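To start, the structure itself, in structure tokens.
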Amino acid sequence: MALLAGPLEIARRQNTSNALFIVDLNNFHVLNNGLGRSFGDGVLGVISQRLEQAAASSGQCLPCGGDRFMVLISQSSGEPQLDAIANRLLESVRMPIGVGGGDSTPLVVSASVGSVLDDGSAVPELVRRADIALVRAKTRGLSNHVSFEPHMRDAAEAEACLERDLREALDAELLFLAYLPGIDITTGRVTSAEALLRWNHPQRGVIAAHEFMPFLEKTGTIVEVGSWVLREACMQAAAWQRRGMSLELHVNLSAVQLGAERLLGDLKESLNTSRLDPALLVLEVAESTVVHDAVDVMERLNEFKSLGVSVAMDSFGAAYGALSQLKHLPLDILEFDRSLVADLGTDDSVRALLRTLVQIADNLGLQTLAIGVETEVQLSELRKVGCSGALGHLYSEPVDAKAFDAIFKEFAASDPTAWSHAPGAALDKDEVVDADEVEDEP
């Protein structure tokens, strides 16, 4: 920031229109680890020169520490065109860099850019705004640019508060599991449950995982939390098993957790401690995770299978990226993405597509499970195409373990169609059954 203060003050005195760009190289640590820090420093020098040239006579490039650069653009007339300038900066970074003579493949580096127009605010505030925009750019993938807008500041502050509260929640053990019933479409009985992570926020009440999962993954805390989820889920499933409720319990694994070295050890410990039949545990891996890292994922899935655990591909059909890999993967269940299920009954082509996917799964010996079933029409369409199971709010909202017991008993004792619109019990953290308490029940 100190390096920026002087040039920005001079520009302001000259009554120019100014814009600040922060250029952050993507995954540069990989290059440093693979080719060495001295080589990485050389690459940074080349990119710094290129950014200086891209800024031309209207600006200058300033070091920002590590693999980041600040570019200050000043124009005597008119407001800087942020997108055009950012694209010029991105292009200069993307130009191939020679790594040796002969036929050596040139190195290509990509970057993300956040920008902000100078409105006279203090330097730290301008940098903070450009940083906020940069974070947004990185969420959109490689080689993207986002310019700061006022609403982004409110969103960033809300996210910061959420992160702070979540740190306190982890210490206070305010995370817990809820369970969503899964139904066998043929028999209409409850045959599975999906374990869903929830946060009992002191002011906001129960918060679903998708609101705080990005923070857990960004900080790596997801590995520790995922370990806890696995243990807690196995204890609950084992308690149900001892009481004659043979339910497949589905637990989702994030891409970060899947790549953690401790995962296999956590899995073994959870199974041994709970004494759960491994066949009743289903580990879900998203289709996108398989597509991006098929070789390593396949190796990890085979490790799960060696323990007798079942494996499901979650969110299948969101992109169809893994369709060609299905026959090679050690899967037991194919879970159709809710985006497919949502259009059932309104789009005949979706029914035809699902029928084909079910046939493919059948030929491969895989069970099929539709996620996000909300209506009787969707259920009827799934029955027509031969889908094995359904999971969604048609039967119940996610509930605590005690309420899940009641739903299971009702489905087992009565006509399942009478439960088509069952809302489930209200989710109250104080009523969640602890696995240790369940073990002592008759």
For this session: Only one of these is of a type outside the set (Val, Ile, Thr) and free of Cβ contacts under 8 Å to residues at least 24 places away in the same chain: Ser380, Ser388, Ser324, Ser396. Name it.
Result: Ser324
Problem set entry | Candidates Val290, Val295, Val309 - the one that is more than 19 Å from Glu248 (Cα to Cα) and either more than 17 Å from the chain's Cα centre (by Cα) or not assigned by TED's automatic domain parsing to the domain that holds Ser192 (or both) | Val295
Exercise. Do you know which residues across segment 10-27 are of a type in the set (A, V, I, L, M, F, W, C) and either surrounded by fewer than 16 Cβ atoms within 10 Å (Cβ to Cβ) or assigned to a helix (DSSP H, G or I) (or both)?
Worked result: Ile10, Ala11
Exercise. Which one is modelled with the highest pLDDT among residues in segment 28-78 that are hydroxyl-bearing (Ser, Thr, Tyr) and surrounded by fewer than 11 Cβ atoms within 10 Å (Cβ to Cβ)?
Worked result: Ser38
Exercise. Limited to segment 112-148, what total is found for residues that are closer than 20 Å to Gln81 by Cβ and either assigned by TED's automatic domain parsing to the domain that holds Met213 or crowded, with 19+ Cβ neighbours inside 10 Å (or both)?
Worked result: 18
Exercise. Restricting the search to segment 79-118, which residues are over 32 Å from the mean Cα position of the chain (by Cα) and modelled with pLDDT of 90 or more?
Worked result: Asp118
Problem set entry | Options Asp337, Asp332: the member that is surrounded by fewer than 21 Cβ atoms within 10 Å (Cβ to Cβ), touching a Phe, Trp or Tyr at 6+ places or on another chain (Cβ under 7 Å), closer than 23 Å to Arg300 by Cβ and of a type in the set (D, E, K, R) | Asp337
Exercise. Does any residue of segment 169-179 turn out to be touching a strand residue (DSSP E or B) at 6+ places or on another chain (Cβ under 9 Å) and in a helix (DSSP H, G or I)?
Worked result: yes
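The values are calculated or read from the model by the stated rules, or taken from the named source; none is laboratory data. Keep in mind that this is a model prediction, so the values were computed, not measured. No Cβ is skipped: glycine too gets one built from the backbone with ideal geometry, and neighbour counts run over all protein chains shown.
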